[in-house]
Amino acid sequence: MLLHLLRHADADTIADCDEDRALSEKGLAQAKKAARFCEQHDISPALILSSPVRRAHETALVVSAHLRAELAVVPWLACGMNADHATHELRDHRALKAVMIVGHEPDFSRLAAHLLGLASEERILIRKASLTTLEIESFRAGASTLHSSLPCRMM
């Protein structure tokens, strides 16, 4: 299975609480840019899973609408996601050719490091609105291959 990690786009800093931060104008443009990039490069996940946090969900809505992909909001993608738990949850979708998840840092760096079998996530930085693709050969630590990691500014 190909796993596409799309970190949420830029968000406004003013909100009643962190979970309510909406995409900024820059973030909306980033989400649209990521969606167009996916379309132009035949990145077509069968399913997009999103964090319930507003900035991630808004990013996922833009991409799923553009790609006409099914979207599901899942609580395990909220801020503070555990890499082992995420790997377990992703197993449920192993029959799909490609899945995209939309979430947060440092959670995505931890997940990528876990799937790649790296000792630490400190060597991985996943920027806002960037797209990282891993091929999961087996749902366990160290059994994946990094295909690409592209910041939004290069899309």
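The values are calculated or read from the model by the stated rules, or taken from the named source; none is laboratory data. The model shown is predicted, which means the values in this text are computed figures rather than measured ones. No Cβ is skipped: glycine too gets one built from the backbone with ideal geometry, and neighbour counts run over all protein chains shown. For the accessible areas, the whole protein counts, side chains as well, though only heavy atoms, and no ligand, DNA or RNA atoms are used. Shrake-Rupley method; radii C 1.70, N 1.55, O 1.52, S 1.80 Å.
For residue 46 and residue 19, what does the FRET efficiency come to when R0 = 22 Å and r is the distance between their Cβ atoms, rounded to the nearest 0.05?
On the way: r = 28 Å, r/R0 = 1.25.
My answer for the efficiency is 0.20.
Describe numerically, in nm with one decimal, the distance between label points set 7 Å from Cα along Cα→Cβ at residue 138 and at residue 120.
2.7
Measure off, as a whole percent, the carbon and sulfur share of the 1.4 Å-probe accessible area of the chain, all protein chains present.
Values: 3740 of 7850 Å².
Result for the chain: 48 percent of the exposed heavy-atom area is carbon or sulfur.
Using DSSP, restrict attention to beta bridges with both residues in segment 49-155 and report what percent are antiparallel, rounded to the nearest 5. Working shown, then result.
Numbers: 6 of 10 bridges.
In segment 49-155, DSSP labels about 60 percent of beta bridges as antiparallel.
In µm²/s, what is D for the chain at 37 °C and 0.692 mPa s, where D = kT/(6 pi eta Rh) by Stokes-Einstein and Rh is the Kirkwood radius from Cα pairs?
In µm²/s, the coefficient is 217.
Give me the 1.4 Å probe accessible area per residue for segment 1-127, excluding ligands and nucleic acids, in Å². Show your work: numbers first, answer last.
Details: 6440 Å² over 127 residues.
It amounts to 51 Å² per residue over segment 1-127.
Rank by packing, highest mean first: peptides 11-17, 110-116, with packing defined as the count of other Cβ atoms within 10 Å averaged across residues.
Numbers: 11-17: 11.4, 110-116: 22.0.
So the peptides 11-17, 110-116, ranked by packing, come out 110-116, 11-17.
Long-range amide H contacts for residue 11: which residues qualify at under 5 Å (H placed 1.01 Å from N, peptide plane, sequence gap of 5 or more or a different chain)?
Residues meeting the amide H criterion: 24.
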